[in-house]
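The values are calculated or read from the model by the stated rules, or taken from the named source; none is laboratory data. Bear in mind that the values here come from a model prediction, so they are computed numbers and not experimental data. When we count neighbours, we look across all protein chains shown, and the Cβ atoms used for this are built from the backbone with ideal geometry, even at glycine. These area figures cover heavy atoms from the full protein model, side chains too; ligands, DNA and RNA do not enter into them. Shrake-Rupley method; radii C 1.70, N 1.55, O 1.52, S 1.80 Å.
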Protein chains: 4
Amino acid sequence: MPQQEPVEPVDQWIQEIVKMSDEKMTEKQLRIVQAAVEVFAEKGYASSSTSEIAQKAGVAEGTIFRHYKTKKELLISIVSPMMSKLLAPFVLNEFKEVLETDYPTLEDFLYAVAVNRMNFARKHLKIIKIMLQEIPFQPMLQKEFKQHIGTRVFKRFTEIIEHFKAKGEVVDLPTPALLRFASTAMIGLFITHFLVMPGAPWDEEQEIRHTITLIMNGMAAK
Amino acid sequence: MPQQEPVEPVDQWIQEIVKMSDEKMTEKQLRIVQAAVEVFAEKGYASSSTSEIAQKAGVAEGTIFRHYKTKKELLISIVSPMMSKLLAPFVLNEFKEVLETDYPTLEDFLYAVAVNRMNFARKHLKIIKIMLQEIPFQPMLQKEFKQHIGTRVFKRFTEIIEHFKAKGEVVDLPTPALLRFASTAMIGLFITHFLVMPGAPWDEEQEIRHTITLIMNGMAAK
Amino acid sequence: MPQQEPVEPVDQWIQEIVKMSDEKMTEKQLRIVQAAVEVFAEKGYASSSTSEIAQKAGVAEGTIFRHYKTKKELLISIVSPMMSKLLAPFVLNEFKEVLETDYPTLEDFLYAVAVNRMNFARKHLKIIKIMLQEIPFQPMLQKEFKQHIGTRVFKRFTEIIEHFKAKGEVVDLPTPALLRFASTAMIGLFITHFLVMPGAPWDEEQEIRHTITLIMNGMAAK
Amino acid sequence: MPQQEPVEPVDQWIQEIVKMSDEKMTEKQLRIVQAAVEVFAEKGYASSSTSEIAQKAGVAEGTIFRHYKTKKELLISIVSPMMSKLLAPFVLNEFKEVLETDYPTLEDFLYAVAVNRMNFARKHLKIIKIMLQEIPFQPMLQKEFKQHIGTRVFKRFTEIIEHFKAKGEVVDLPTPALLRFASTAMIGLFITHFLVMPGAPWDEEQEIRHTITLIMNGMAAK
DNA sequence: TATGAATGAGGCTTCATTCAT
DNA sequence: TATGAATGAAGCCTCATTCAT
């Protein structure tokens, strides 16, 4: 079990990516986006009306369409950048090096990353909910999802797992199975606490540590 | 690792529940339900139109409303029974006894249950997809979900995990964490293969075994 | 100058074409079409609103879209059949034979045809006005116009003019110039009295005769 | 048939009218007018948007409304002066005198005028198209049209025709019929070649001569 | 003078639901 | 029971026009 580690090192190399790149929005446009996030998250994209968004944003309905050609473009403009920002740290080239250089144990590293992403997710919970809801129905989001996950994040994680397998620290099971196991256990933690049981009290640090412990135990070479 | 086991024993005690309780539907009504499942799964509930459902079912639009007062009632009538059927085996009182009586190892038992539920899910994939999509937006479904999971399935699983903890076979971590870990790893397997990567080829038996192995390793008392 | 001739012979061979082929319309659909003709003719297609059409037709706005998928489809459904009906008599194969068989002089024949088409046009004046207004902006109507005029009516008229040229009765100028001259002089008569000066009193029979006389004089071999 | 005549004489007495009276327009205003002509001609007035005009003109939308109070005023400002310029030569008081003084034959005169107006029309084709399209729907244009045609051009042409009738050179038919015949045959030539078949190759000089020949033949006292 | 963000009325179209047949 | 024409509310979007800068 890792000692309490400062999260900063991770944030150092993510910071320029994590920081919001939503530049130069007018104040009304910002209000539109915020209202859209609220309404989409509450009712789902298809059941949300632009008139309700406009009302909640305190602008005229026509103003929405001055900034976004269609309702769908408004959705995409919200969800699409979130997807890349959410996964950005896992795409970095230095990922593996940082992992070995800056952290005493794999668990430490995973914990740092998990906390960082958890904080990010908590901050953008509604957008992530919208993203999960709409990916099945929006081909454009599917495309972005596949590009990000399929060809970048997946590859990076695969490298890391095989690195540890080569070192004899990870059980000899197929890499895809290991990857799926680890990621769904972590994502499951996230979804359970943020989406399935949003009200339940929890000690985030403890929960993350337990989950990582279980994952590590599961994957450890016997 | 368990030997190849016949799945039948599990089915024996689920059979009366798993068996369809779709009673006395007219042929047209059946066609409506089938069409609705197709369309809801493809476009999502809110983006589906009753006219498209009617057309695909080969009935007049009015006919739908003769059987279901509203579009939402049609949705509920499809999703609601599926939820209980999907979780039914985990609610049975004899669950724990069967587990200890009929199966040599815990892994054997989990494998049998997993295969059984996987087959069930494959058969009703579209409805499950609709269910997952609509639970966040349909209070009635949320209520049923909470009743089933929160007060019945959760309780049953908690009992079982604590049973094994008491026997010293499971690591001493909080039961909710263990439960979440095990279930999300299994559900993650399901969602990955059925929903995220529906086309990918896979050896179901192997995948289930690997996942259970990882879960068991993770939870095993060290 | 021809004696007063009965118009019937011409009508005999056009009758089955001239007769309306608008079959099996519901009463509401008929009211929609009538209202649309009124409004389109008065304001022009682009400046007409479906809500005004619905109101004038005494139906709900949605009812229009039950019968016509779009506003443009409503326009096309009105104008397109009119174009072929208007030109139908000029396309008939027996045109030239009838001309030589049933009428003592070319003038008689032209007079009969002119009266027949004038009556038809008067009856459908508004639709013809819409047609003329919208052809420049509706590619589908342009296509139909080219097919009808370019490849059928033009060809028929060319044959007839060359027939009389061969008989030495028509001046030796290029056939297209003769055709254009004769047709625009006739169409000019129509447009002047029906569209440019709709209120002016006139003796239709006299006007037609004068115009034909002038056309014949103009084209006569000197 | 007249010899090739210089067109200048006609232009001499039209020149001060034909010359553009577009005074003191800013460069932006000019660009707005040009863009409006393009867009109105292509899509029709009602289907054109001020935003498209502004974009094509390279100005802000608001700039249009600084120069023209409404969209309709922009239309009128374009079409209205064109109408008078197009018909100006036919309104001149000296018309008849010029006719008898400067040209050996009536045909010569008509040819000269036709060529002159044809050139003018070719130069302002789009505006004329807009004019023809919008007269039916714009009361203000109708008013101007009636004033120009009804009380001035019509009167002038009537005088000329009756002048030649008195001289025994024109057939004894009602003057309005003669006038309509001649004008629609000429206008028909114009519309056919410029609007109905804009792409077709043609020898303008020949076509005008043929048409005038046919008109003269038609109207000649027998 | 010029801009362009903002407006809100109005346009076309969809759709769940009703009802006479 | 089944139909499908009809409804009208509501949805998305366009657009001429205004106004603060």
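Points worth noting:
- Distance between modelled label sites at D:ALA60 and A:GLU204, nm, 7 Å Cα→Cβ extension: 4.5 nm
- In nanometres and ascending order, the distances from the C:ASN119 label point to those of the other copies are 5.0, 8.1, 9.1 (point 7 Å from Cα along Cα→Cβ).
- Shown is the FRET efficiency for B:LYS43 and C:GLN34, computed with R0 = 41 Å from the Cβ-Cβ distance and rounded to the nearest 0.05: 0.60.
- Charge dipole magnitude, Cβ of K and R +1, D and E -1 - segment A:45-111, Cα centre, debye nearest 20: 760 debye
- Principal-axis analysis of the Cα atoms of chain D puts helix D:71-87 at an angle of about 20° to the longest axis.
- For chain D, the Cβ-based charge dipole about the Cα centre amounts to some 1060 debye (Lys, Arg positive; Asp, Glu negative; other atoms uncharged).
- Buried accessible area, chains A and B (both chains, 1.4 Å probe, Å² to nearest 100): 2500 Å²
- Cα long-axis angle, helix B:125-134 against chain B (0 to 90 degrees, to the nearest 10): 80 degrees
- Relative packing of peptides D:148-154, B:188-194, D:100-106 - highest average C-beta neighbours within 10 Å first: B:188-194, D:148-154, D:100-106
- For segment D:22-68, the residue among D:TYR45, D:TYR68, D:VAL33 whose Cα projects farthest onto the positive side of the dipole built from Cβ charges is D:TYR68.
- Computed log₁₀ I(q)/I(0) - Debye formula, equal Cα scatterers, no solvent, chain A, q 0.08, 0.16, 0.17 Å⁻¹: -0.34, -1.16, -1.27
- Distances from D:PRO198 to itself in the other copies, using label points 7 Å out along the Cα-Cβ axis, amount to 2.8, 4.9, 5.7 nm in increasing order.
- Placing a label point 7 Å from Cα along the Cα-to-Cβ axis, C:SER51 is separated from the same position in the other copies by 1.1, 2.0, 2.0 nm, shortest listed first.
- Integer Hz, Karplus 6.51/-1.76/1.60 couplings in order for segment A:179-194, x for Gly and Pro: 4, 4, 4, 5, 6, 5, 5, 5, 4, x, 4, 4, 5, 4, 7, 8
- Selection from A:LEU141, A:GLN206, A:ALA166, by position along the positive dipole direction of chain A (Cβ): A:LEU141
- Axis-nearest residue of B (beta carbon) for the B-onto-C rotation, whole Å: B:GLY62, 4
- Between C:GLU100 and B:HIS124, the simple label model (points 7 Å from Cα in the Cβ direction) yields a spacing of 8.3 nm.
- Per-residue [θ]222 nm for chain D (sum of -39500 (n - 2.57) over DSSP H runs n ≥ 4, rounded to 500): -21000 deg cm²/dmol
- Using a Förster distance of 60 Å, the FRET efficiency for C:LYS222-C:THR26 (Cβ separation, nearest 0.05): 0.50
- Each label was represented as a point 7 Å from its Cα along the Cα-to-Cβ direction; for C:THR70 and A:GLN142 these points are 2.6 nm apart.
- Residue-by-residue Karplus 3J(HN,Hα) for segment A:200-205, coefficients 6.51, -1.76, 1.60, Hz, glycine and proline x: 5, x, 7, 9, 4, 4
- Note that the protein assembly as shown, at 25 °C in a medium of 0.890 mPa s, gets a Stokes-Einstein diffusion coefficient of 70 µm²/s from its Kirkwood radius over C-alpha pairs.
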